[in-house]
Amino acid sequence: QVQLVESGGGLVQPGGSLRLSCAASGKIFSIPVMGWYRQAPGKQRELVATQTAAGSTTYADSVKGRFTISRDIAKNTMILQMNSLKPEDTAVYYCNTRVRATLLGGPVDYWGQGTQVTVSS
């Protein structure tokens, strides 16, 4: 099993910044992909950003140029730096990891418990 611990959410004014962290622990051989998703009230969960173990990143169009994802492969941790936050960024943010428990094992998705981000004046 894999445990994910998220931190860093909170209340911030428009234009402000927040940094979200996610740490994975447990039976982990490798993590091919780590990412952040978010879900606003009444909306479906959507991709925010992902990063592969090779360093390739993907961002939602709505956050490009404002959010930056980074990983520490050795520590199985991930950061989402969020700048120039807008009210429409308000949502619960979830850490997602795709984990291989062994060399030949298939990848399994795990989700964090979610952290609330509220952008409001």
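The values are calculated or read from the model by the stated rules, or taken from the named source; none is laboratory data. Just so we're clear, the structure is a prediction, and the values are computed from it rather than from any experiment. A quick note on method: Cβ atoms are made from the backbone with ideal geometry, for glycine too, and the neighbour counts reach across all protein chains shown. Accessible surface areas use protein heavy atoms only, side chains included; no ligands, DNA or RNA. Shrake-Rupley method; radii C 1.70, N 1.55, O 1.52, S 1.80 Å.
The portion of the accessible surface of the chain made up by carbon and sulfur, rounded to a whole percent, is 51 (1.4 Å probe; DNA, RNA and ligands excluded). A quarter of the convex hull surface defined by the alpha-carbon atoms of the range 67-121 gives 4.8 nm² as the mean projection.
Summing Lys, Arg as +1 and Asp, Glu as -1, what charge do residues with Cβ under 12 Å from the Cβ of Val2 carry, Val2 excluded? Intermediate results must be reported in sequence, preceding the final value.
Details: positive: Lys27, Arg98, Arg100; negative: Asp109.
Net local charge, Val2 excluded: +2.
A straight Cα-to-Cα reach below 19 Å connects Lys43 with the aspartates and glutamates Asp61, Glu88, Asp89, residues fewer than 8 places away in its own chain not being considered. Across the range 38-48, computed HN-Hα scalar couplings (Karplus, 6.51 cos²θ - 1.76 cosθ + 1.60, θ = phi - 60°) run 9, 9, 8, x, x, 10, 6, 5, 10, 5, 9 Hz from first to last residue, x flagging Gly and Pro. Counting only Cα atoms, the size of the chain along its three principal axes is 49, 24, 23 Å, in decreasing order. Charge tally for Gln39 (other residues, Cβ to Cβ under 11 Å; Lys, Arg +1; Asp, Glu -1): +2.
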